[in-house]
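> Before I ask anything, let me first share the structure, which is written out below as structure tokens.
The values are calculated or read from the model by the stated rules, or taken from the named source; none is laboratory data. All of these numbers come straight from a predicted model, not from anything done at the bench. Because the Cβ atoms are built from the backbone with ideal geometry, glycine has one as well, and the counts that use them run over all protein chains shown. The area values use the complete protein model at the heavy-atom level, side chains included, leaving out ligands, DNA and RNA. Shrake-Rupley method; radii C 1.70, N 1.55, O 1.52, S 1.80 Å.
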Amino acid sequence: MKEILSKQSKETRCYIMAAIMVFQGYEGVDEMTEIFGEMKLDVLSLSKEDLERFPIPQNISQIVNHLKLISDPEVRDYVITNTYSPVLKSRRRDALRNYRAFCRSLGWPVKEIKESMEMTEEIYNMKPVDNGIDGVLGPNQSSGCLSVIALVILNTILLAFSTL
């Protein structure tokens, strides 16, 4: 996967990491977060310094606008899998609702998103808190708070990484 991801621009890889960090915030930050973060940086061929130099996205739509341009299905699968797993493990309805809004905003093929989400559910042997993923297709029910919440989470995680 590292080879496939390294074909993406550094900016795109930074946006992928930003998306992962936004949704990681729903699961919470603990001693393992740093280790998983370093592993993801390695897979994305990024350093902590790359992430520190990356300008913090002003809102979730800035992340979405950049990620929606990804055309490689394997890279899209990586994004979905790595952003969905912390949402799934958080067991939070608000996280799932905001995640579904994120997926709708990406505009990627719904079947592809569902397959990646189902694969993630199988890996973790978990189902979402409302036992279904039909919300990926449903009307946009996200609140205007998603951008604010995402930015707070992203800033907190970036601050944690920069102090290491």
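> Given R₀ = 25 Å, what would the calculated FRET efficiency be for Arg91 paired with Met39, taking r from the Cβ atoms and rounding to 0.05?
Values: r = 23 Å, r/R0 = 0.91.
Efficiency at R0 = 25 Å is approximately 0.65.
> Measure up Lys2/Lys114; Lys40/Lys127; Lys89/Lys127; Lys2/Lys111; Lys40/Lys68; Lys68/Lys127 against 18 Å on the Cα-Cα distance and list the ones that go over.
Numbers: Lys2/Lys114 23 Å; Lys40/Lys127 24 Å; Lys89/Lys127 9 Å; Lys2/Lys111 24 Å; Lys40/Lys68 20 Å; Lys68/Lys127 26 Å.
Going by Cα-Cα distance, Lys2/Lys114; Lys40/Lys127; Lys2/Lys111; Lys40/Lys68; Lys68/Lys127 fall outside the 18 Å limit.
> Return the distance in nm (one decimal) between the two label points of a simple spin-label model at Lys48 and Val129, each offset 7 Å from Cα along Cα→Cβ.
Here the answer is 3.2 nm between the modelled labels.
> Using a 1.4 angstrom probe on the protein heavy atoms only, line up Asp42, Asp94 by accessible area, largest first.
Numbers: Asp42 85, Asp94 45 Å².
Accessible-area ranking of Asp42, Asp94, largest first: Asp42, Asp94.
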